[in-house]
Amino acid sequence: MKLIYEKSQAGRRASALPRYDELPAAPEIPEDLRRNEPPRLPEVPEFELVRHFTELSTRNFGVDTGFYPLGSCTMKYNPRINERLAALPGFARLHPLQDEDGAQGALELMWRLQEILAEVTGLDAVSLQPAAGSQGELTGLLLVRAYFAARGEAEQRRKVVIPDTAHGTNPASVTMAGYELTPVRTDARGNIDVDDLRGKVDEHTAALMLTNPSTLGLFDENIEEIERIFHAAGALMYYDGANLNAVCGISRPGDMGFDIVHINLHKTFSQPHGGGGPGGGPVAVRKTLEPFLPVPAVVRREDGGFGLDFDRPQTIGKVRGFTGPFGVFVRSYAYLRMWGPRLREMSETAVLNANYVLARLKDAYDLPFDRLCMHEFVLSARTMKREHGCTALDVAKRLMDYGFHPPTIYFPLIVPEALMVEPTETEAKETLDAFCDAMLAIAREAADEPELLKEAPHHRPVKRLDEVRAAKQPVVRYAFDDALERVEAPKGA
Amino acid sequence: MAAAESYPEELKYHEEHDWARVDGDEAVLGITWFAADLLGELVHFEPPAVGSDVTKDQSYGEVESVKAVSDVIAPLSGEVLAVNEQVVDAPETVNEDPYGNGWLIRIRLGDPGETDDLLDAAAYRQVLANQ
Ligand SMILES: Cc1ncc(COP(=O)(O)O)c(C=O)c1O
């Protein structure tokens, strides 16, 4: 397919604006900021433009086009009713500075969403502001800091404990919040190594950050013991809720002893994602941490109406503009209300689907931790690599030929040649079976015809990419004919 | 071309997949074949500043492949005397020659006694066998 610049012909236009004889005076723009030449935009008629982008859109892959078992990302179907509701003019056209009386419906929706999230997490208070899981993490750690500062323990508690299975955003958030990292190992069953942990938690520990179920898709069997260790040391417990899809209505982070939780609305509660956002990463906290939550807080007033409360003297401040990504709240609220008291079935089905796929695949791939899984599981292509020279990357690329989005690969880092599969609850058994059949066929191909994997994909618009060169010599703008603009030719090209 | 698997006898190893070639009160440090193979072709090396201190068991830099970014753990403590600019310019040198041209930094040892804690090639192979 040609780039739009390659379709460009001088003088072609998508629209013709009328010429004014008398143009209004141009605003004063300082000389050095003025453009000397017109921008080099592609010149195409409107219908070419429409065809170009329509064609491009057909080359995309998303939950609306196929099965997307990308582990840790919960790529579930996003019901269309969500979009209907988010587009209601009363929501979509509301100005963020609208006074409270003119925004009662929106405020009530946010307040009700907070109440539901408090219930689902088993905690007391919620802030909807953070716009992604990672921002929820940072917000949560700033709450930890504010909490210990108020107790005069800020200097003493400098360390945050994170298991080696953690998502990369966890250690990044720890560093950004000004804490030091204490890594802890995973044991042979895929739980936190409690012996390793005991020696690492003391009066200098501020918090634990834990994903439960972990990124291995395993529920930590020692969670009660872990809770005793941290709370006995006076530390707090932070729950990375990225995997909440496994436990809704079954177990609650608050009941496991966690003090702070972030929820990924774009995973668990069906905000479309994968295209870069917006996401939603609300944090839920125990009563003791509520005074530190971001402002404004969405509250129910004494007269029964809803409002914004800025009067929180101990707040960590604002973490996002206004009250957060509102359209995301509408979709998540709609989704939660659709499940209603049956929310547990969502998680049960997600766990059932994952275990079904795991049971069908575990003889063809390595399974580093042989347990019942939660909503996702991690296989390894380690034996396949040793015996046939085919890697997790090759399996992923070959799956694309079969019409599936690949699973997450090479994560978590503790599993070599990792393939992390999360089917979600929304898929039919036929789809799961088709995926399993493809994975089993690929395992056979690796033995019989390894080249098929190594050169895959064969049937996609884009063939195998040279990721190493893309990382080392990224070409991020179009090379115009003009020599000045030509991007330096990559070495060996 | 990626090198074939090897763990030279004359080197000392750290279980986080780093090696040290000790010479008097200096040492050259790098990552093992196993680490380089696990990461795949390196695309970036973030070195420490010459003159800064590195601490045994702690990260002194980062190596990055298209799969992952990974901390490089110091097998020994000391002051950084030199950084291998060839690896900064062409990180894949580490995959091609992990124990030769693919060295990462040279340090002046802070505590030569620390060498005793490191593994020999046989012990490091045992660590790998248990993974
Ligand atoms: C376990 C885990 N934690 C945290 C995050 C970060 O969430 P977000 O991508 O919304 O910033 C992710 C997401 O990719 C994740 O899988």
Looking only at the stretch B:77-97, filter to residues that are more than 23 Å from A:Leu393 (Cα to Cα) and open to solvent by less than 30 Å² (accessible area, probe 1.4 Å); which one of those is farthest from the other protein chains (Cβ to nearest Cβ)?
B:Ala82
Kindly evaluate A:Ala242 against the criterion of being within 16 Å of A:Pro130 (Cβ to Cβ) and in contact with an Asp or Glu (Cβ under 6 Å, 6 or more places away or on another chain).
no
Given the condition more than 16 Å from the ligand (Cβ to nearest atom), touching a Phe, Trp or Tyr at 6+ places or on another chain (Cβ under 9 Å) and of a type outside the set (A, V, I, L, M), answer yes or no: does some residue in the stretch A:134-147 qualify?
yes
Test A:Ala233 against the criterion of being more than 16 Å from the ligand (Cβ to nearest atom), more than 14 Å from chain B (Cβ to nearest Cβ) and of a type in the set (A, V, I, L, M), and give yes or no.
yes
Considering the stretch A:371-397 alone, what residues qualify as being within 27 Å of the chain's Cα centre (by Cα), farther than 24 Å from A:Glu427 by Cα and part of a loop (DSSP other than H, G, I, E, B)?
A:Ala381, A:Thr391
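Name the residues in the stretch A:366-408 that are small (Gly, Ala, Ser) and open to solvent by less than 10 Å² (accessible area, probe 1.4 Å), would you?
Correct list: A:Ser380, A:Ala381, A:Ala392, A:Ala396.
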For the stretch A:54-77, which positions are of a type in the set (D, E, K, R) and open to solvent by 70 Å² or more (accessible area, probe 1.4 Å)?
A:Glu55, A:Arg59, A:Asp64
What is the residue count in the stretch A:310-352 for residues that are free of Cβ contacts under 8 Å to residues at least 24 places away in the same chain, outside any helix (DSSP H, G or I), out of contact with any helix residue (DSSP H, G or I) (no Cβ under 7 Å at 6 or more places or on another chain) and open to solvent by 40 Å² or more (accessible area, probe 1.4 Å)?
3
Can you work out which of the residues in the stretch B:24-58 that are within 21 Å of B:Asp89 (Cα to Cα) and among the small types (Gly, Ala, Ser) is farthest from the other protein chains (Cβ to nearest Cβ)?
B:Gly51
Within the set of pairs 6+ apart or on separate chains, which have a first residue in the stretch A:267-281 that is outside any loop (DSSP other than H, G, I, E, B), a second that is buried (at least 21 other Cβ atoms within 10 Å of the Cβ), and C-beta atoms under 6 Å apart?
A:Lys267/A:Thr74; A:Thr268/A:Leu244; A:Thr268/A:Asn245
In the stretch B:60-76, what count of residues is obtained for those that are open to solvent by less than 60 Å² (accessible area, probe 1.4 Å), within 13 Å of chain A (Cβ to nearest Cβ) and either among the charged types (D, E, K, R) or under 19 Å from B:Lys12 (Cβ atoms) (or both)?
1
State all residues of the stretch A:170-191 that are closer than 15 Å to A:Ala207 by Cα, buried (at least 19 other Cβ atoms within 10 Å of the Cβ) and in contact with an Asp or Glu (Cβ under 8 Å, 6 or more places away or on another chain); if no residue qualifies, say none.
A:Asn170, A:Ser173, A:Val174, A:Val184
Which count do you get for residues in the stretch A:398-435 that are more than 18 Å from A:Gly274 (Cα to Cα), assigned to a strand (DSSP E or B) and away from chain B (no Cβ under 14 Å)?
0
Where a residue in the stretch A:86-100 is surrounded by 12 or more Cβ atoms within 10 Å (Cβ to Cβ) and its partner, wherever it lies, is of a type in the set (Lys, Arg), with Cβ under 8 Å and at least six apart
A:Ala86/A:Arg331
Hey, can you tell me all the residues within the stretch A:106-133 that are within 16 Å of the ligand (Cβ to nearest atom) and touching a Gly at 6+ places or on another chain (Cβ under 9 Å)?
A:Thr121, A:Ser127, A:Leu128, A:Gln129, A:Pro130, A:Ala131, A:Ala132, A:Gly133
In the set A:Leu289, A:Leu293, A:Leu265, the lone residue that is modelled with pLDDT of 95 or more, of a type in the set (A, V, I, L, M) and over 22 Å from A:His231 (Cα atoms) is A:Leu265
Among the helices (runs of 4 or more DSSP H) confined wholly to the stretch A:49-147, which include 2 or more residues that are within 18 Å of the chain's Cα centre (by Cα) and polar (S, T, N, Q)?
none
Filter result for A:Val261 (within 14 Å of the ligand (Cβ to nearest atom), open to solvent by less than 50 Å² (accessible area, probe 1.4 Å), in contact with a Pro (Cβ under 6 Å, 6 or more places away or on another chain) and aliphatic (A, V, I, L, M))
yes
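Run down A:Val298, A:Val283 and say which single residue is within 20 Å of A:Arg112 (Cβ to Cβ), within 16 Å of the ligand (Cβ to nearest atom) and not small (Gly, Ala, Ser).
One residue alone meets the criteria, A:Val283.
Which residues, taken from the stretch A:210-230, are within 16 Å of the ligand (Cβ to nearest atom) and either away from chain B (no Cβ under 14 Å) or within 25 Å of A:Arg158 (Cβ to Cβ) (or both)?
A:Leu210, A:Thr211, A:Asn212, A:Pro213, A:Ser214, A:Leu216, A:Gly217, A:Leu218, A:Phe219, A:Asp220
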Cβ pairs under 7 Å, 6+ apart or interchain, first in the stretch A:163-177 and more than 11 Å from the ligand (Cβ to nearest atom), second assigned to a helix (DSSP H, G or I) and modelled with pLDDT of 95 or more, ordered by first then second residue, are A:Val174/A:Leu141; A:Met176/A:Leu138; A:Ala177/A:Leu138; A:Ala177/A:Leu141; A:Ala177/A:Leu142; A:Ala177/A:Arg145
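The values are calculated or read from the model by the stated rules, or taken from the named source; none is laboratory data. Worth saying up front: this structure is predicted, and the values here are computed from it rather than measured. Please note: Cβ atoms are built from the backbone with ideal geometry, for glycine as well, and neighbour counts cover all protein chains shown. What goes into the accessible areas is simple: the full protein's heavy atoms, side chains included, and nothing from ligands, DNA or RNA. Shrake-Rupley method; radii C 1.70, N 1.55, O 1.52, S 1.80 Å.
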